[in-house]
1. Could you please report the charge total around Pro123, scoring K, R as +1 and D, E as -1 over all other residues with beta-carbon less than 9 angstrom from its beta-carbon?
2. Whose amide H sits under 5 Å from the amide H of Val104, counting only residues 5 or more places off or on another chain, with H placed in the peptide plane?
3. Where does the charge balance sit around His61 when Lys and Arg score +1, Asp and Glu -1, over other residues with C-beta under 10 Å from its C-beta?
4. Cut-off under 30 Å on the C-alpha distance; same-chain residues fewer than 8 positions from Lys69 excluded. Which lysines are left, in chain and number order?
5. Does segment 35-90 come out rounded, prolate or oblate, given a ≥ b ≥ c as the square roots of the eigenvalues of its C-alpha gyration tensor, rounded meaning a/c under 1.5 and, failing that, prolate meaning a/b above b/c?
6. Rounded if a/c is under 1.5, else prolate if a/b beats b/c, else oblate: with a ≥ b ≥ c from the C-alpha gyration tensor eigenvalues square-rooted, which is segment 24-141?
7. Filter the GluC sites (Glu not before Pro) in segment 28-95 down to the DSSP loop ones having no more than 16 other Cβ atoms within 10 Å, then list what survives.
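We did not get these values from a lab; they are worked out from the coordinates using the rules stated. Bear in mind that the values here come from a model prediction, so they are computed numbers and not experimental data. Note that we place each Cβ from the backbone using ideal geometry, even for glycine, and neighbour counts take in every protein chain shown.
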Amino acid sequence: MTPEHPASGGTNQPVDLPDLRSLGVHQPVILVADDEALIRNLVTLLLQHEGYSVLSAADGHEGLELSRKYPGPIDLVITDVQMPRLNGTDLCAHLIEERPGIKVLVMSGKDMSEIVRQNVHMPFLPKLFDGETLKARVRAILGGPHQAASGTERLAAPSSPAAG
């Protein structure tokens, strides 16, 4: 996909972007689904600031549609448990089936003991979290620190401790 950029003649000319995958760069993609706009926007902004690509959905149904339309890999879904149309647990079940290997993080402001019992195999984040807690959980789930690649940062998998 190449974005278009207006040329002096008034026509749209494609602008070539480097294929980061060919350079060994993988910018993790995170799908955020929450029916509370404030939470959804806050999580989206925090993660974008950390260098992640974020797909944002207003509920589980919209999240599932976004996933089905998005052609690339999605590394993580962060979802509220209780949402209209399609709850977060069911969204995760569909995504795990359709995208094997996707990781999940469920969050809720409701009674945590019941939510955790229903989602016993899923990482859980209680709402009323701070930005640092969210970012730390995402890094832990995705397997380490993430920084937006600027050409000099690590582009490949971490080396073994012996290589040091």
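1. +2
2. For Val104, whose amide H was placed from the backbone, the distant partners under 5 Å are Val77.
3. Surrounding charge for His61 is -3.
4. Counting by Cα, and skipping residues close in sequence, Lys69 has these lysines nearby: Lys103, Lys127, Lys135.
5. Because a/c hits 1.5 or more and a/b fails to exceed b/c, segment 35-90 counts as oblate.
6. Note, shape of segment 24-141 comes out rounded.
7. Glu36
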